[in-house]
Amino acid sequence: MNIFNMSEIVDLGIEKEKKRRDFYGLVAEKFSGKNMKELFTKLRDWEEEHIKKFTEIRASVKELRETESYEGELNYYMQALLDDKLYNDVSPAKFSANVKTPLDAISYGIGFEKDAIIFFNEIMGYTVDARKDVIKKLIEEEKQHIVYLAALKEKVV
């Protein structure tokens, strides 16, 4: 049996939260419409709160180590969840090439939020019980982000 360090996985999740925060900040600056600017500013701020919460979760699992069925099991699985074209292609340098319209930004945002829900659901199985309620709350917040984005998408389309 091999051992993996959960704190390393949580670190990867924090990096994804930072990318989502930065993406939403760029979108808020890119579009002049009040609704778009307010929504993406709010999403940016929510992601910042998630980074803080996830950092607290990381501290709670720092010494937690779990057993894998085979070498690299969790690493391969979580890396597959984390290494997504969506995250690799959206960076400040590539932003203008990828997002041309409000609908583009909304579609990326919905993808980010779905991805976050999958990641949080998966990490829940490897987290101490005391932190599961925090992760459940994060999942509910990500679902609410999807609701906001989907409602905006209907108005834009």
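Pairs are defined by a Cβ separation below 9 Å, a sequence spacing of at least 6 or placement on different chains, a first member in the range 111-122 that is touching a residue at least 40 places away in the same chain (Cβ under 8 Å), and a second member that is outside any helix (DSSP H, G or I) and surrounded by fewer than 17 Cβ atoms within 10 Å (Cβ to Cβ); the pairs so defined are ASP115/ASP84.
For MET6, the criteria (1) closer than 18 Å to THR127 by Cα; (2) at pLDDT 85 or above; (3) in contact with a helix residue (DSSP H, G or I) (Cβ under 7 Å, 6 or more places away or on another chain) hold in every case but one, which is (2).
The values are calculated or read from the model by the stated rules, or taken from the named source; none is laboratory data. Keep in mind the model is a prediction, meaning the values are calculated, not measured. Neighbour counts run over all protein chains shown; Cβ positions are idealised from the backbone, glycine included.
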